[in-house]
Amino acid sequence: MKRVGIGYDIHRTAKGRRLMLGGVEIPHTAGLAGHSDADVLLHAVIDALLGAAALPDIGHYFPPSDPEIEGISSSVMLAKAVSEVQKAGWEIANVDTVLVAEAPKISPHRAAIRARVARLLHIPVDCVQVKGKTNEGLDAIGEGKAMAAHAVVLLMSKVQGPMSNVTE
Ligand code: MG
């Protein structure tokens, strides 16, 4: 059996913060605002994973109101999502993502991000892709006030045959 999932996230840009994208710190003039490290790309991947397994979304596991998780690494959040998905009887086939940001360019960082995400998901690097798009100067993203990310994942059941015994 197979399942697909979609994830989306958006964060405002913020001066004086580190920019984390796909678990990699990217040198840039601004970072992203958020309760965690604000890794918009990983947050989209997390929701795609959880959604594919029909599990609750990222806010369920990591409520923004929880002071305990202030500044938490999104890599830790992703590890939790991977563990929940695996517990539900799924393995990850591939992940595809789009980062929508006017800057920085993703291409110089693509290899590092793919390698990092692949390691976090325990899948080969050729099962992970990240593309960068600008918003052509349009709206808040185009003005550099925010960055957004989209992710799609494919899950495969770990066992052959009906999933009825592993989805309960
Ligand atoms: Mg987020």
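Evaluate the following for E84: is it among the charged types (D, E, K, R), open to solvent by less than 50 Å² (accessible area, probe 1.4 Å) and modelled with pLDDT of 95 or more? Considered against the rule, which asks whether it is among the charged types (D, E, K, R), open to solvent by less than 50 Å² (accessible area, probe 1.4 Å) and modelled with pLDDT of 95 or more, E84 comes out as yes.
Inside region 22-52, residues that are within 13 Å of the ligand (Cβ to nearest atom), assigned to a strand (DSSP E or B) and among the acidic types (D, E) make up a count of 0. Limited to region 122-140, what total is found for residues that are in a loop (DSSP other than H, G, I, E, B), within 16 Å of L42 (Cβ to Cβ) and not aliphatic (A, V, I, L, M)? Here the count works out to 1. Taking (1) open to solvent by 30 Å² or more (accessible area, probe 1.4 Å); (2) away from the ligand (no atom under 14 Å from the Cβ); (3) farther than 19 Å from V100 by Cβ in turn, P64 satisfies each apart from (2).
Can you find a residue in region 9-21 that is more than 14 Å from the ligand (Cβ to nearest atom) and in contact with a Ser or Thr (Cβ under 7 Å, 6 or more places away or on another chain)? For region 9-21, residues more than 14 Å from the ligand (Cβ to nearest atom) and in contact with a Ser or Thr (Cβ under 7 Å, 6 or more places away or on another chain): absent. Residues in region 59-70 that are part of a helix (DSSP H, G or I) and in contact (Cβ under 8 Å) with a residue 24 or more places away in the chain: I69 alone. Whenever a residue of region 16-41 is within 16 Å of G144 (Cα to Cα), its partners that are assigned to a strand (DSSP E or B) and of a type in the set (D, E), lying with C-beta atoms within less than 6 angstrom and at least six residues away or across chains, give the pairs R18/E25; V40/D9. Here G132 meets each of (1) of a type outside the set (D, E, K, R); (2) touching a residue at least 40 places away in the same chain (Cβ under 8 Å); (3) open to solvent by less than 70 Å² (accessible area, probe 1.4 Å) with one exception, condition (2). Residues of region 71-121 being among the β-branched types (V, I, T) and part of a helix (DSSP H, G or I), which ones? Hits for region 71-121 are V76, V82, V85, I113, V117. Within region 1-17, being part of a strand (DSSP E or B), open to solvent by 100 Å² or more (accessible area, probe 1.4 Å) and of a type in the set (K, R) holds for K2, R12.
What pairs come up if the first residue lies in region 71-82 and is within 17 Å of G51 (Cβ to Cβ), the second is surrounded by fewer than 15 Cβ atoms within 10 Å (Cβ to Cβ), and their beta carbons are under 9 Å apart, counting only those six or more places apart or on different chains? If the second residue must be surrounded by fewer than 15 Cβ atoms within 10 Å (Cβ to Cβ), the pairs left are V82/H122.
The values are calculated or read from the model by the stated rules, or taken from the named source; none is laboratory data. Everything numeric in this text was worked out from a predicted model, so none of it was measured. Virtual Cβ from ideal backbone geometry, glycine too; neighbours counted across all protein chains shown. Remember, those area values only see protein heavy atoms, side chains included, never the ligands or the DNA or RNA. Shrake-Rupley method; radii C 1.70, N 1.55, O 1.52, S 1.80 Å.
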